[in-house]
Amino acid sequence: MTQNHGVADVDVTIPLLFEEGSPGSCAVSLSKSDVPQQDVRKMLPAELVADDSPPLPEIAEMDLVRHFTRLAHRAFSVDANFYPLGSCTMKYNPRINERAAALPGFANLHPYQPVDQIQGLLELLYAVREFLQEISGLPEVCLQPAAGAHGEMTGLMLVNAYHRDRGEQRLNVLVPDSAHGTNPATCTVCSRTAITVKSRPDGKVDLDDLRKKVDRHTAALMITNPNTVGVFDEQIGDLAEILHEQGALLYMDGANMNAMLGIMRPGDFGVDVMHFNTHKTFSTPHGGGGPGSGPVAVAEKLRPFLPIPQVIKKTDATFELDHNRPKSIGKVRAFFGQVGVLVRCYTYIRSLGTEGLRNVSDKAVLSANYLAKRLEKAYHFPIPGPYAHEFILVPKFEETGVTEIDVAKRLIDHGIHPPTMSWPVHHCLMIEPTETESLRTLDYFADTMLKIAREARETPEVVKNAPHHTPISRADEVGAARKPNVRWLPG
Ligand SMILES: *Cc1c(COP(=O)(O)O)cnc(C)c1O
């Protein structure tokens, strides 16, 4: 038996459940069945009956509990550690959200229940719609998309439907090189060709390049604003004009609304369609594939095409699912959206209120700029500030060979999750502190980054061989992806 589990400095491998158990052990004792025993071979066709019982691990309850508790202690999470993962808005998720989502009146609903039995839920969804309409400055929101990228797909389907309805087929979508990677991917999924628009050295769109590329074949421009190098492009109104002159639309990736709440509204600067990442901006534990919610907000001209059903409020103040939208692109998700995530979104917005939301963005922006200022002498900043809610820096220690990966790995030794690496600029780290971190945590992070910069010059081997205090040091990431060892049976 392996001892000292969970002690970080000791190299301990957690065995598989199969290896930890012993024949005859069992974690549950079921009471004797009072149903007469039957021979399964008499009840099922022979080909459906296995020759042997399945090779399940045999392990006692306490060993089972310890096994999973040890694994859980190794998990890195926002609840335990600072997580400055750029573009992902990994912020603290208030527990009240979980309480609300777990209320039996929400958690035990079935999506096939008749509308008169789910009035409370529909009222909540309608309220979320109204909040997001107010925040975006756009007249209608659809809550169906299940994540940010899914919202992008829905948005571009709406753009395509709009042009088709006008008898036009526009096959190109312009995407600035500072866009999130999902933007060009969405173009491909929606059978459109992504054409890159150049950015200027300050990270903003090169309007001359845009003017050259926009024409009657342009369906839309998809812009992430603030973009992935952390700057807000204040030319956005001009961009909208240039596009609209050619009959093209402006799509805004709103995953970074953390920087904008209550300060500006996309609908006011010419955006025709955008998505929210409610699991980022309005909190919800996410990452590793879910759960998410990517509501889409649209301008007047795109409303007829929105997915159905839409949650509406009737004149008698009851709520209904409206299917009557003849030009709708149809459904993009089963039922009416990621309800559990939307309950969290509602709770977050209601618990903060108007001033609280504004405060979120003020603090997110202040935190990012504070960190950038503290680190400016030790690292290279390819894009000048001021920044929105995140920024990129490049570790430049050429003479010692220390790279961005080494700095990221060394942060793990200090209990900090590595930031996004090498994207969108080669060799950079993208840092997003969010509004939820205290000054003390921000200073701890800045102090640690400064210490690593010193180490990189004075004792580079320490940084290059990091992490030193984890159960394993550097995994072979390519090997893990190409030749995964997913053994689940002994031997
Ligand atoms: C996270 C993110 C997305 C994708 O959202 P998912 O919910 O992960 O699909 C798109 N754009 C930007 C700018 C993002 O940060």
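A short reminder: the numbers here are calculations on the coordinates, not readings from a lab. All values derive from a computational prediction rather than experimental measurement. Cβ: placed from backbone, ideal geometry, glycine included. Neighbour counts: every protein chain shown.
Below, the figures for the structure above:
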item: For the chain: rounded, prolate or oblate by the Cα gyration tensor [a/c cutoff 1.5]; result: oblate
item: Simple label model, 7 Å out from Cα along Cβ direction - His469 to Ala80, nm; result: 1.3 nm
item: Label-point gap, in nm, between Ser33 and Ala46 - each point 7 angstrom along Cα→Cβ; result: 2.4 nm
item: Taking Leu171, Leu352 and counting other C-beta atoms within 10 Å, the order from fewest to most; result: Leu171, Leu352
item: Among beta bridges that DSSP assigns inside the chain, antiparallel share in %, nearest 5; result: 50 percent
item: Charge context of Gly294, other residues only, Cβ under 12 angstrom, K/R +1, D/E -1; result: 0
item: Only Lys, Arg (+1) and Asp, Glu (-1) charged, at Cβ; the stretch 363-480 dipole about Cα centre in debye; result: 260 debye
item: Entries of Lys373/Lys409; Lys409/Lys464; Lys280/Lys377; Lys91/Lys198; Lys280/Lys363; Lys373/Lys451 with Cα pairs more than 20 Å apart; result: Lys373/Lys409; Lys280/Lys377; Lys91/Lys198
item: Charge-dipole axis of the chain as Lys and Arg at +1 and Asp and Glu at -1 on Cβ define it, positive-most pick from Ala75, Val298, Met153; result: Val298
item: Long-range HN-HN contacts of Phe82 with modeled amide H, under 5 Å; result: His417
item: Highest average packing first - 378-391, 36-49, 245-258, Cβ atoms within 10 Å; result: 245-258, 378-391, 36-49
item: Likely footprinting exposure, Lys409, Lys396, Lys314, fewest C-beta neighbours within 10 Å first; result: Lys314, Lys396, Lys409
item: Globularity index of the stretch 363-480, i.e. its alpha-carbon radius of gyration over 2.2 N^0.38 Å; result: 1.03
item: Ranked by how many other beta carbons lie within 10 Å on average, peptides 105-112, 204-211, 426-433 from highest; result: 426-433, 204-211, 105-112
item: Net charge, Lys91 excluded, C-beta distance under 15 Å - Lys, Arg +1, Asp, Glu -1; result: -3
item: The stretch 22-81 versus the stretch 95-114: alpha-carbon centroid distance in Å; result: 30 Å
item: FRET E, pair Leu366, Arg70, Förster distance 41 Å, beta-carbon r, rounded to 0.05; result: 0.55
item: Cα-centre dipole for the stretch 246-403 with unit charges at Cβ (Lys and Arg positive, Asp and Glu negative), debye to 20; result: 340 debye
item: Amide H within-cut-off set for Ala60, under 5 Å, with H built and near neighbours excluded; result: Ser22, Cys26
item: Lys, Arg +1 and Asp, Glu -1 on Cβ, resulting dipole of the chain about Cα centre, debye, nearest 20; result: 560 debye
item: Spin-label model distance (nm) - Val462 vs Asp316, 7 Å beyond Cα toward Cβ; result: 7.4 nm
item: In order through the stretch 114-123: 3J(HN,Hα) via Karplus (6.51 cos²θ - 1.76 cosθ + 1.60), integer Hz, x for Gly, Pro; result: x, 4, 6, 8, 10, 4, x, 5, 5, 4
item: Vicinal HN-Hα couplings computed from phi for the stretch 257-268 (Karplus, 6.51 cos²θ - 1.76 cosθ + 1.60; Hz; Gly/Pro x); result: 5, 3, 8, 10, 4, x, 9, 9, 10, x, x, 7
item: Extension reserve of the Glu376-Gln117 stretch, reckoned as 0.36 nm per residue once the Cα distance is removed; result: 87.5 nm
item: Area projected by the alpha carbon convex hull of the stretch 17-72, averaged over all directions, nm²; result: 5.8 nm²
item: Calculated [θ] (222 nm, deg cm²/dmol) that DSSP helices of n ≥ 4 give over the chain, each run adding -39,500 (n - 2.57); result: -11000 deg cm²/dmol
item: Positive-pole candidate from Thr228, Val175, Ser199, dipole of the stretch 149-239, charges at beta carbon; result: Val175
item: Which of Cys88, Cys190 has the fewest Cβ neighbours within 10 Å, and the rest in rising order; result: Cys190, Cys88
item: Cα lying deepest toward the dipole's positive end in the stretch 363-480, options Leu439, Met421, Pro471, charges on Cβ; result: Leu439
